[in-house]
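Chemist: I'd like to ask some things about the structure below.
The values are calculated or read from the model by the stated rules, or taken from the named source; none is laboratory data. Since this is a predicted model, take the numbers as computed values, not measurements. Here the Cβ is made from the backbone with ideal geometry for all residues, glycine too, and neighbour counts use every protein chain on show. Remember, those area values only see protein heavy atoms, side chains included, never the ligands or the DNA or RNA. Shrake-Rupley method; radii C 1.70, N 1.55, O 1.52, S 1.80 Å.
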Amino acid sequence: MGRRPVTVRLARWSAEHPWRAIALWVVFVAVCFVGGSAAGLNEATDEDQAIGEFGQAQLIVDSGGFDQPATENVLITARSGSLDQAAAKAAAQDAADRLRQVDGVASIGTPMPSRDGSALLLPITMSGDPGTAGDRVQPLRDTTAKVQDAHPQLRVEQVGGPSIDKALDDTLGKDFKRAELLSLPVTLAILIIAFGALIAAGVPVLLALSSVAAAMGLSTLASHLVPATDTTASVILLIGMAVGVDYSLFYVRREREERAKGRSGLDAVEIAAETSGHAVVVSGTAVIISMGGLLLAQDAIFSSLAVGSILVVAVAVIGSLTVLPALLAKLGRWVDRPRVPLLWRLTAPRNGQSARPRFWPAVLKPALRAPVATLLISVALLLALAAPALGMKLKFPGPEDVPRTTAAMQAYDRLTAAFPSNGTSHTVAVRAPAEQADRVRAALTDLAGRTAADPLFAPAEGDGPEIRVSADRRVSVLEVATPHASRSDEANRSLHELREDLVPATLGGIPGVEYAVGGGVAASEDYAAHIWAKLPIVAAFVLALTFLVMAWTFRSVVVALTSIVLNLLSAGAAYGLLVLVFQSDWAEGLLGFTSMDAIVTWLPLFLFVVLFGLSMDYHVFVVSRIREAVDRGMPNREAVAHGITSSAGVVTSAAVVMVAVFSIFATLSMIDFKQLGIGLAAAILLDATIIRAVVLPSVMTLLGDANWWAPRFMRRRRPVPAVEPPPAPAPELVGVR
């Protein structure tokens, strides 16, 4: 007998020394978490995240060393009819007097009336770090509320960046708290239904949570090599729970099946390691490759997400090969305790096999009986679902996409209506030799004058354009406002008019000048162009390496090619569904959102790598069971039926967990998370049902023995797993031709 695979040797050592393996895992998780906390997080800077001309503008502004304190505004408007100017000025004076007494207020500006006389604006400059202004703004808001009580005939409200940040933080905090409270019980409930026993359901969750904790610490350490962003921890949790539960589910289900055949606990663990453990390693490698493709995007956000995801997947794989066999060996038959009576009878393995419902054999019949027709119909449906993706538009969400359930956003709408220059704006950043400062100022003044007469732009409020100049006179900045929403076609046209016409015309003749146009509209436009440029590169990398891994693992070029094609169909259908739901308004009432007529800019690239990686979990597991049956001499058609029906329970359970958790994201307030949740949930559902239960069996039935073709150099005698021959196919599948 040849040398056993490393997965088996690791599992056997862990099973024979369970307390040592468990202790080593606990120490590993603790060292990672504590070490990461001690090292501290290194966050990405503006320079790390500079993309396109927007990034260039941001770097020019940063080089000026401007003091950029946080600012707030007290907005005074009429509750109905026209504004009483005398009453408004009295309220503004009252607000100024009260706010001067509040800690955190650096200065109070002069009240400024709107052009149409409908509002009065009192600017406030806050002291301290602008980055923490949102945490310190509440005393100002409380004071403004007292002014409102003193002047009930008027509407007195506070609005500004810190107020909006606080409102969003409160909203998101409630959202995430609800998601966290729901996700863990939902996951446990589904696993209890899948296993019919509490301990068996708890083991996957325990491994997933410990993997996430270790990866959090490791990612903090890794941030000193690849700077982290504020989304890294959320993605580690999302991916870690998904793969951690999946890998444990595959492993525990197989170990239970083997024990039900009468094997000893150690033998059952070994066989689970040789079969499901091998599938976990291949699946984990595929996920790591997919997430590694994000590094090619050359983007600090995606690089951070890639590192975090790679670490949590690697930790989950290691845990499933070490501490999981130790836990199963130590628990023995206690893993099936305490039993949930009805559920246990439905899910308990019998004669070495999990109970099979009649649903999956019924689903498989068309694919086995008429593979060509089934394949053509199912692929045509998936392509039809994917077709809307050809019209996908990418944009960043703007202020108009933030829920209007908060007072801060309602006040923001009234502010931008009365003072359009306080809404969407473009940042014209200029760097030139100090001796050219006067020419730069004159050019920017000329630029402001040209935009004032253009309906695409909003004229400056007050005494004219405010041009900021750095202390060394080398950097000058002008904000050019537009009255249009940040995602509108008019806002995009105003950006292109600045970049292609007005800015070059006014600044182009200055010797040694360097300029760029930034701002929110520019960020959305430039990042979308960046994503479209990088998506083919990332996709090619992921496809090529995944093909090589699958070809070498299964010793089959055909299996590798079908894996790639099926995952592309799944991703394409998910893209199309996203466009159908979010680029139109028919689902607004159903899902509680306002259509932004676009997909969030970063989502297609992120969705592609995540789906491509996670869908490989199911594919590797199902194809491994089919290959296992073929190696035991079962004819191809029966092997396909056996592989899919025998894995249907675990794949369905894993998919239901993912779909349930991802669907919770669709209940969050922000459009980003709604699109992410719907995209992931729909893709996983499609992948685990239509792709794996209809398209895959149709393809493999149609190809027959050609499934396993490979060039001579790839062929080798495959070791036969130490598993008993699989039982005959379900009676309803016998004789299907």
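Chemist: Tell me which residues, restricted to region 521-541, are closer than 19 Å to Leu569 by Cα, touching a residue at least 12 places away in the same chain (Cβ under 8 Å) and of a type in the set (Gly, Ala, Ser).
Modeler: Ala539
Chemist: Would you be able to tell me the number of residues in region 144-163 that are touching a residue at least 24 places away in the same chain (Cβ under 8 Å), farther than 11 Å from Asp94 by Cβ and surrounded by fewer than 24 Cβ atoms within 10 Å (Cβ to Cβ)?
Modeler: The number of residues fulfilling the criteria is 4.
Chemist: Tell me, which residue of region 396-411 that is assigned to a loop (DSSP other than H, G, I, E, B) and under 23 Å from Ser80 (Cα atoms) is most open to solvent (accessible area, probe 1.4 Å)?
Modeler: Ranking the qualifying residues of region 396-411, first place goes to Thr405.
Chemist: Name, by its number, the condition in (1) under 27 Å from Val315 (Cβ atoms); (2) surrounded by fewer than 21 Cβ atoms within 10 Å (Cβ to Cβ) that does not hold for Gly240.
Modeler: Of everything listed in (1) under 27 Å from Val315 (Cβ atoms); (2) surrounded by fewer than 21 Cβ atoms within 10 Å (Cβ to Cβ), Gly240 misses just condition (2).
Chemist: Moving to a separate point now. At pLDDT below 85 and not in a loop (DSSP other than H, G, I, E, B): is that true of Ala362 in this structure?
Modeler: Considered against the rule, which asks whether it is at pLDDT below 85 and not in a loop (DSSP other than H, G, I, E, B), Ala362 comes out as yes.
Chemist: A further question follows. Only one of Asp169, Asp175 is surrounded by 13 or more Cβ atoms within 10 Å (Cβ to Cβ) and either among the charged types (D, E, K, R) or in a strand (DSSP E or B) (or both). Can you tell me which?
Modeler: Asp175
Chemist: What are the pairs, 6+ residues apart or on separate chains, where a residue within region 250-269 that is basic (Lys, Arg) has its Cβ under 8 Å from a residue that is open to solvent by 40 Å² or more (accessible area, probe 1.4 Å)?
Modeler: Arg259/Arg333; Lys261/Asn351; Lys261/Glu724
Chemist: Same structure, new question: Do any strands (runs of 3 or more DSSP E) entirely within region 444-521 hold 1 or more residues that are polar (S, T, N, Q), and if so, which? Even if it seems obvious, please write down each step before you answer.
Modeler: On the way: elements: 467-469, 475-481, 514-519.
Fully inside region 444-521 and qualifying: 475-481.
Chemist: Which residue out of Val513, Val477 is among the aliphatic types (A, V, I, L, M), in contact with a helix residue (DSSP H, G or I) (Cβ under 7 Å, 6 or more places away or on another chain), open to solvent by 30 Å² or more (accessible area, probe 1.4 Å) and more than 26 Å from Leu605 (Cα to Cα)?
Modeler: Numbers: Val477 fails: open to solvent by 30 Å² or more (accessible area, probe 1.4 Å).
It is Val513.
Chemist: Further question: Would you mind finding the one in Ala194, Ala201 that is in contact with a Leu (Cβ under 6 Å, 6 or more places away or on another chain) and either open to solvent by less than 60 Å² (accessible area, probe 1.4 Å) or farther than 30 Å from Leu75 by Cα (or both)?
Modeler: When all the criteria are applied, what remains is Ala201.
Chemist: Anything in region 289-303 that is open to solvent by less than 50 Å² (accessible area, probe 1.4 Å) and in a helix (DSSP H, G or I)? List them, or say none.
Modeler: Ile289, Ser290, Met291, Gly292, Gly293, Leu294, Ala297, Ala300, Phe302, Ser303
Chemist: Can you pull out every residue in region 587-613 that is more than 20 Å from Ser556 (Cβ to Cβ), assigned to a helix (DSSP H, G or I) and under 18 Å from the mean Cα position of the chain (by Cα)?
Modeler: Leu603, Pro604, Leu605, Phe606, Leu607, Phe608, Val609, Val610, Leu611, Gly613
Chemist: Among Ser211, Ser219, Ser248, which is closer than 24 Å to Leu294 by Cβ, modelled with pLDDT of 85 or more and open to solvent by less than 10 Å² (accessible area, probe 1.4 Å)?
Modeler: Residue meeting the stated conditions: Ser211.
Chemist: Exactly one of (1) within 22 Å of the chain's Cα centre (by Cα); (2) open to solvent by less than 10 Å² (accessible area, probe 1.4 Å) is unmet by Val620. Its number?
Modeler: Of (1) within 22 Å of the chain's Cα centre (by Cα); (2) open to solvent by less than 10 Å² (accessible area, probe 1.4 Å), only one is false for Val620: (1).
Chemist: So, restricting to helices (runs of 4 or more DSSP H) that lie completely within region 614-725, which ones have at least 1 residues that are among the acidic types (Asp, Glu) and out of contact with any strand residue (DSSP E or B) (no Cβ under 8 Å at 6 or more places or on another chain)?
Modeler: 636-665
Chemist: Quick check: is even one residue across region 311-321 under 29 Å from Pro536 (Cβ atoms) and of a type in the set (Ser, Thr, Tyr)?
Modeler: no
Chemist: Could you tell me which numbered condition Leu566 fails, if it satisfies all but one of (1) part of a helix (DSSP H, G or I); (2) among the hydrophobic types (A, V, I, L, M, F, W, C); (3) under 23 Å from Glu400 (Cα atoms)?
Modeler: With (1) part of a helix (DSSP H, G or I); (2) among the hydrophobic types (A, V, I, L, M, F, W, C); (3) under 23 Å from Glu400 (Cα atoms) applied to Leu566, the lone miss is (3).
Chemist: Right, something else. List every residue pair whose Cβ atoms lie under 9 Å apart, where the two residues are 6 or more positions apart in sequence or sit on different chains, the first residue falls within region 92-113 and is touching a residue at least 12 places away in the same chain (Cβ under 8 Å) and open to solvent by less than 30 Å² (accessible area, probe 1.4 Å), and the second residue, located anywhere, is basic (Lys, Arg) and not in a loop (DSSP other than H, G, I, E, B).
Modeler: Matching pairs, first to second residue: Gly104/Arg136.
Chemist: When you scan region 21-54, how many residues do you find that are surrounded by 15 or more Cβ atoms within 10 Å (Cβ to Cβ) and farther than 22 Å from Gln298 by Cα?
Modeler: Total meeting the criteria: 9.
Chemist: Hey, could you check region 429-458 for residues that are buried (at least 16 other Cβ atoms within 10 Å of the Cβ) and free of Cβ contacts under 8 Å to residues at least 40 places away in the same chain and say which is farthest from Gly520 (Cα to Cα)?
Modeler: Ala437
Chemist: Here is a list: Leu331, Leu305. Which entry is under 23 Å from Val538 (Cβ atoms) and modelled with pLDDT of 85 or more?
Modeler: Result of the check over Leu331, Leu305: Leu305.
Chemist: Something else now. List pairs: first residue in region 122-139 and within 11 Å of Glu72 (Cβ to Cβ) and in a helix (DSSP H, G or I), second residue of a type in the set (D, E, K, R) and open to solvent by less than 60 Å² (accessible area, probe 1.4 Å) anywhere in the structure, Cβ distance under 7 angstrom, at least six positions apart or on different chains.
Modeler: Gly134/Lys166
Chemist: Right, here's the next one. Just wondering, is there one or more residues in region 542-563 that are outside any helix (DSSP H, G or I) and either within 25 Å of Val287 (Cβ to Cβ) or β-branched (Val, Ile, Thr) (or both)?
Modeler: The answer is yes; a qualifying residue exists.
Chemist: Which one of these is open to solvent by 50 Å² or more (accessible area, probe 1.4 Å) and either without any contact (Cβ under 8 Å) to a residue 12 or more places away in the chain or β-branched (Val, Ile, Thr) (or both): Val558, Val565?
Modeler: Answer to the selection: Val565.
Chemist: Considering each of Ala471, Ala522, Ala491 in turn, give the residue that is open to solvent by less than 10 Å² (accessible area, probe 1.4 Å) and more than 24 Å from Ala119 (Cβ to Cβ). Lay out the reasoning, then the answer.
Modeler: Values: Ala471 fails: open to solvent by less than 10 Å² (accessible area, probe 1.4 Å); Ala491 fails: more than 24 Å from Ala119 (Cβ to Cβ).
The unique qualifying residue is Ala522.
Chemist: Still on this structure, I have one more. Given Ala87, Ala57, which one is out of contact with any Asp or Glu (no Cβ under 9 Å at 6 or more places or on another chain) and buried (at least 16 other Cβ atoms within 10 Å of the Cβ)?
Modeler: Ala57 is the lone residue from the list that is out of contact with any Asp or Glu (no Cβ under 9 Å at 6 or more places or on another chain) and buried (at least 16 other Cβ atoms within 10 Å of the Cβ).
Chemist: In region 533-559, which residues are under 27 Å from the mean Cα position of the chain (by Cα) and under 15 Å from Asn707 (Cβ atoms)? Step through it out loud before you land on a result.
Modeler: Looking only at region 533-559, we keep the residues that are under 27 Å from the mean Cα position of the chain (by Cα), and these are 533-550.
Once the filter is applied, which keeps residues that are under 27 Å from the mean Cα position of the chain (by Cα) and under 15 Å from Asn707 (Cβ atoms), region 533-559 yields only Met550.
Chemist: A further question follows. Does Arg414 fit the bill of being surrounded by 16 or more Cβ atoms within 10 Å (Cβ to Cβ) and out of contact with any helix residue (DSSP H, G or I) (no Cβ under 8 Å at 6 or more places or on another chain)?
Modeler: Judged against the criteria, Arg414 is a match.
Chemist: May I pose another question? All but one of (1) closer than 30 Å to Met596 by Cα; (2) among the hydrophobic types (A, V, I, L, M, F, W, C); (3) modelled with pLDDT of 85 or more hold for Val661, so report the exception by its number.
Modeler: It fails just one condition, (3).
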